[in-house]
Amino acid sequence: MAPPRVLWIYPSLYLLSSLLLFHALSPCRALRNYPENEVTLLDSMSALADLGWEAYPNEGWEEISVMDERNTPMRTYQVCNVMEANQNNWLRTRHISREGAQRVYIEIKFTLRDCNSLPGVPGTCKETFNMYYYESNNANLWFIKESQYVKIDTIAADESFTQVDVGDRVMKLNTEVRDISNLSKKGFYLAFQDLGACIALVSVRVFYKKCPLTVLNLAQFPDTITGGDTALVEVHGMCVNSSEEFEAPKMYCSADGGWLVPIGRCVCKPGFEENKDVCQPCRPGTYKASATDAYCTKCPPHSSSSQEQAVECACEKGFYRAETDPRSMSCTRPPSAPENPISTVNETCVTLEWSPPRDTGGRGDITYSLHCRKCSGDGRKCMPCGGSVHFVPRQFGLSSATVLVTDLQPDSNYSFTVESQNGVSDLSPTPRGTVVINVTTSQTVSVVLKERRSKDSVTLAWQGPERPNGAIVEYEVIYYEKNQREQNYTVLKTRSNMMTVDGLKPGTTYVFRVRARTDGGYGSYGGEIELETSHEDVFAIGDPNQSTILAVSIAGGIVLLIFLVTCFVVSGRHCGYIKAKQDPDEEKMQFQHGRVKLPGSRTYIHPHTYEDPNQAVRDFAKEIDASNIRIERVIGAGEFGEVCSGRLRVQGKREIYVAIKSLKAGYSDKQRRDFLSEASIMGQFDHPNIIRLEGVVTRCKPVMIITEFMENGSLDTFLKKHDGQFTVIQLVGMLRGIASGMKYLSDMSYVHRDLAARNILVNSNLVCKVSDFGLSRVLEDDPEAAYTTRGGKIPIRWTAPEAIAYRKFTSASDVWSYGIVMWEVISYGERPYWEMSNQDVIKAIDEGYRLPAPMDCPVVLHQLMLDCWEKGRSDRPKFGQIVTILDKLIRNPASLRELANSSACELAKMGVNLAGHQKKILSSVQSLQTQGTHVQV
Ligand code: AMP
């Protein structure tokens with residue numbers, strides 16, 4: 001019978017093939033090293049004894065032991081019942097414990113014969129087999145029903161026998177891997193079902209995968225068995241020794257045993273640094289203060305660490321570390337004493353200044369504190385000053401090396417101790433660095449002697465302080481009419497001990513005060529001296545009869561003046577205008593500040609002559625504490641920024657309204673200098689018709705210039721707004737004020753260069769004041785300024801021909817501009833030369849053309865304008881003369897009645913220089929007094 005023969009033939013055939021197979025397998029056995037992330041649960045090849053697997057039925061799978069090339073026995077299972085139909089042969093492993101793994105892998109190596117290669121096998125021959133598993137907690141099951149198994153897969157060979165001839169055949173081994181997941185019981189059994197194939201099962205290896213222990217970012221992650229179907233296992237790391245969590249470390253263990261997505265990290269504790277996944281202590285001489293610092297660093301200067309693991313370095317003797325100092329900062333020490341102390345006394349105030357200490361102790365947080373003591377005359381006994389003395393900005397914790405001390409007592413000795421300190425001064429037992437500044441507040445000018453007085457002048461003499469606190473530089477005389485103290489006072493300066501003040505009103509009581517200025521600053525004013533000017537020059541002081549006569553005649557004159565003014569008002573300035581009542585302040589304007597001789601009067605100092613422009617600001621402008629200023633609203637725009645109005649609170653004085661010019665942000669050094677130059681110039685002036693500088697703010701931003709507030713703003717706008725609303729006397733009063741201010745400037749040798757109505761400010765009393773003193777103003781600021789052929793920028797319509805032609809700017813060219821201002825004022829803000837082009841203006845002036853009289857312009861005023869516009873600059877009147885002329889016109893209002901007639905205007909329009917055809921107004925005005933109210937032109 002054929003079947004038994006086949007049975008006999010095939011096992012032997014198979015055995016032969018198996019022997020050949022082991023030659024092919026032997027290298028695998030020799031190198032049985034599994035990957036690091038695989039844990040083997042069962043390996044048939046490494047079993048030395050019987051595998052103990054169940055085969056069913058008996059004639060099915062057969063265990064065969066073969067020797068490998070090293071004579072080590074190997075267990076294999078074979079089956080080859082291909083000649084018989086209805087095969088169902090099972091081979092079941094013993095119980096395999098899963099050791100906690102949820103997913104296990106089965107790797108099988110086998111050979112499988114190709115049915116075609118077997119001669120005479122029936123169609124029932126198979127070329128596949130099935131693999132099953134059964135989960136169970138029981139490790140000793142002796143029987144499992146077929147239906148209880150779960151199928152893993154049907155396995156087919158990649159390579160199979162292709163030839164029957166086995167003698168010289170090269171056999172190939174198939175390797176297949178399958179996995180089972182979501183295991184939950186203690187273990188499982190594997191089973192192989194053969195349905196009629198010829199198979200040799202050479203090896204079965206069961207394993208699971210794990211993510212191996214690893215250290216990453218100083219966190220250790222343990223061996224982790226991969227998950228079941230849920231692919232990633234989240235694992236939390238443990239910080240390695242001497243490290244701490246910076247951010248909770250975690251990673252994910254993937255299904256194939258790899259670590260993924262590291263998050264968080266540990267960092268070495270203070271005193272330790274990282275080195276190849278471990279934290280090692282800092283060596284002596286180094287330290288690590290914070291866990292987040294990467295490495296140990298060298299101790300900073302003046303500190304050291306003698307032990308390992310230092311978290312900070314200890315300061316050397318005499319050096320300290322403040323609580324808020326970072327550990328990386330050098331140890332520091334208290335500063336040395338402040339140096340070069342200077343005091344500047346100003347009446348009962350003193351400004352103390354000093355240089356920072358030479359040794360800052362290595363820190364930048366130096367502050368100063370002051371201690372004040374009042375001392376006896378011989379300086380032996382000193383007592384604390386108490387609360388009556390004030391320090392600006394403060395007494396303790398000053399950051400700048402200067403302080404203003406106010407409210408001292410005059411003629412007293414003070415001793416100020418300036419102490420320097422820094423952030424470690426409190427830690428040091430050594431006394432603080434100090435410097436002492438002894439100050440004597442100035443004495444008053446003791447005796448003021450009245451020397452002589454006349455109708456319009458007074459001569460004073462005085463004795464200087466007995467013990468001045470330095471060489472006397474000059475004396476300052478201040479005077480005012482007794483009943484007009486607030487608005488009208490005049491300040492004069494002289495180097496001598498006497499002064500003649502003239503230009504005063506007859507029969508008027510004036511109050512005089514004198515103070516001295518030394519190198520150390522201003523002294524206090526001496527007492528008030530009241531003096532009444534006499535009624536006639538020749539009268540001696542105190543002659544009551546003569547005084548009475550003079551008073552009567554003055555009173556008569558005033559009655560006459562009032563009569564004339566009334567006539568003028570009634571007759572009217574021109575038709576169609578409602579006549580405004582004359583402002584009561586006008587009289588004040590007219591008579592304020594008579595012409596005075598200034599013995600030793602000052603000359604203006606150009607800020608450019610200072611090597612350090614900031615020094616000019618310090619010399620001429622008072623520094624104001626910004627906290628004393630309240631800005632209220634924006635009133636205009638200047639070249640350097642906004643102009644605002646606001647209030648200034650000055651200690652011990654009532655709050656005043658001020659204008660605040662600020663320097664816009666982002667300025668250059670030059671812009672700051674130019675901006676402040678206006679203050680350095682303005683600060684040198686002290687005149688009721690010059691805008692008064694209150695001070696500057698330079699120590700904080702924005703930099704500001706504070707001036708008195710002029711309620712009615714600039715004159716040109718003001719006049720346009722009030723077209724036709726003023727009496728001619730009021731207009732002349734304004735012009736008189738401007739001329740007086742200009743006289744003051746020219747006396748100080750200051751040339752304005754841009755005198756125009758737009759640069760005059762008007763206050764609520766209609767007092768006009770000259771403003772706009774910046775260095776760059778003519779070039780940059782004035783919208784009227786135009787470039788000339790010589791390259792300069794000049795406000796052509798206001799400028800004298802010689803200044804346009806060859807930049808000859810003098811007080812005489814200012815007089816020309818003043819004539820234009822007169823024209824602007826009388827025409828209520830009309831534009832000079834209307835819409836003529838600049839070129840046409842230059843040409844017309846050169847050809848002798850002059851502006852005609854504005855509507856309703858008194859002929860005398862137009863004549864004065866024409867005088868100001870004389871071609872030859874020496875032919876023009878001086879400001880002093882202009883003031884005198886205007887004063888006289890005001891006193892004789894009738895002189896203003898005759899209006900410039902149309903023919904004169906026509907002549908002017910035709911380009912005829914009226915000045916050349918008319919009698920000089922100067923002489924005609926001078927004759928006014930002699931001729932009563934008649935003016936002859
Ligand atoms: P300025 O930069 O000096 O030309 O000032 C610009 C504008 O601000 C002027 O035209 C005035 O309208 C206004 N202004 C400047 N200073 C004062 C002041 N002291 N009082 C009132 N308004 C002022």
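Here are the numbers for the structure shown:
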read-out: Given (1) closer than 20 Å to residue 733 by Cβ; (2) within 53 Å of the chain's Cα centre (by Cα), index of the condition residue 855 fails; value: (2)
read-out: Identity of the residue in segment 355-381, more than 23 Å from residue 415 (Cα to Cα) and small (Gly, Ala, Ser), that ends up most open to solvent (accessible area, probe 1.4 Å); value: 364
read-out: Answer from 312, 323 - the residue that is under 19 Å from residue 426 (Cβ atoms), modelled with pLDDT of 90 or more and either open to solvent by 40 Å² or more (accessible area, probe 1.4 Å) or not charged (D, E, K, R) (or both); value: 323
read-out: Boolean, residue 674 is away from the ligand (no atom under 16 Å from the Cβ), within 27 Å of residue 750 (Cβ to Cβ) and of a type outside the set (Phe, Trp, Tyr); value: no
read-out: Matching residues, segment 264-308, being farther than 20 Å from residue 331 by Cα and touching a Pro at 6+ places or on another chain (Cβ under 7 Å); value: 264, 265, 266, 272, 291, 308
read-out: Candidate set from segment 320-336 (those that are out of contact with any Pro (no Cβ under 6 Å at 6 or more places or on another chain) and in contact (Cβ under 8 Å) with a residue 60 or more places away in the chain); member that is nearest to residue 516 (Cα to Cα); value: 334
read-out: Residue among 215, 204 that alone is within 30 Å of residue 172 (Cα to Cα) and in contact (Cβ under 8 Å) with a residue 24 or more places away in the chain; value: 204
read-out: Qualifying residue in segment 666-678 (condition: aromatic (Phe, Trp, Tyr) and assigned to a helix (DSSP H, G or I)); value: yes
read-out: Selection count where residues are in contact (Cβ under 8 Å) with a residue 40 or more places away in the chain and open to solvent by 20 Å² or more (accessible area, probe 1.4 Å), scope segment 824-844; value: 2
read-out: Contacts under 6 angstrom Cβ, first residue in segment 753-775 being at positive phi, partner more than 11 Å from the ligand (Cβ to nearest atom) and not in a loop (DSSP other than H, G, I, E, B), 6 or more apart; value: 753/778
read-out: Residue that is nearest to residue 523 (Cα to Cα), among those in segment 477-498 that are hydroxyl-bearing (Ser, Thr, Tyr) and at pLDDT 85 or above; value: 479
read-out: Segment 40-64: number of residues that are of a type in the set (Ser, Thr, Tyr) and more than 20 Å from residue 107 (Cα to Cα); value: 1
read-out: Cβ-Cβ under 8 Å pairs, at least 6 apart or on other chains, segment 710-736 side under 12 Å from residue 760 (Cα atoms) and open to solvent by 10 Å² or more (accessible area, probe 1.4 Å), far side away from the ligand (no atom under 13 Å from the Cβ) and among the charged types (D, E, K, R); value: 716/824
read-out: Segment 385-413: number of residues that are more than 38 Å from the chain's Cα centre (by Cα) and modelled with pLDDT of 90 or more; value: 1
read-out: Residue that is farthest from residue 152 (Cα to Cα) [pool: residues in segment 108-131 that are open to solvent by 30 Å² or more (accessible area, probe 1.4 Å) and assigned to a strand (DSSP E or B)]; value: 126
read-out: Of the criteria (1) in a loop (DSSP other than H, G, I, E, B); (2) surrounded by 14 or more Cβ atoms within 10 Å (Cβ to Cβ), which one residue 341 fails; value: (1)
read-out: Residue within segment 747-756 that is within 15 Å of the ligand (Cβ to nearest atom), at pLDDT 95 or above, outside any loop (DSSP other than H, G, I, E, B) and open to solvent by less than 10 Å² (accessible area, probe 1.4 Å) present; value: no
read-out: Search result, residues across segment 629-644 that are within 19 Å of residue 692 (Cα to Cα), surrounded by fewer than 18 Cβ atoms within 10 Å (Cβ to Cβ) and either at pLDDT 90 or above or more than 16 Å from the ligand (Cβ to nearest atom) (or both); value: 630, 631, 635, 643
read-out: Residue within segment 376-395 that is touching a Pro at 6+ places or on another chain (Cβ under 6 Å) and not in a loop (DSSP other than H, G, I, E, B) present; value: no
read-out: Checklist (1) assigned to a strand (DSSP E or B); (2) over 26 Å from residue 355 (Cβ atoms); (3) in contact (Cβ under 8 Å) with a residue 12 or more places away in the chain applied to residue 403, failing item; value: (2)
read-out: Residue tally, condition near the ligand (Cβ under 10 Å from one of its atoms) and either outside any helix (DSSP H, G or I) or β-branched (Val, Ile, Thr) (or both), over segment 694-732; value: 12
read-out: Lone unmet requirement of (1) under 17 Å from residue 100 (Cβ atoms); (2) open to solvent by 10 Å² or more (accessible area, probe 1.4 Å); (3) more than 56 Å from the chain's Cα centre (by Cα) for residue 187; value: (2)
read-out: Test: residue in segment 242-257 that is among the polar types (S, T, N, Q), modelled with pLDDT of 95 or more and open to solvent by 70 Å² or more (accessible area, probe 1.4 Å); value: no
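Yes/no matrix, rows are residues, columns are (1) among the hydrophobic types (A, V, I, L, M, F, W, C); (2) modelled with pLDDT of 95 or more; (3) within 16 Å of the ligand (Cβ to nearest atom):
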residue	(1), (2), (3)
772	no, no, yes
780	no, no, yes
792	no, no, no
804	yes, no, no
837	no, no, no
848	no, no, no
871	no, yes, no
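The values are calculated or read from the model by the stated rules, or taken from the named source; none is laboratory data. Keep in mind the model is a prediction, meaning the values are calculated, not measured. No Cβ is skipped: glycine too gets one built from the backbone with ideal geometry, and neighbour counts run over all protein chains shown. All accessible areas refer to the heavy atoms of the entire protein, side chains included, with ligands and DNA or RNA removed. Shrake-Rupley method; radii C 1.70, N 1.55, O 1.52, S 1.80 Å.
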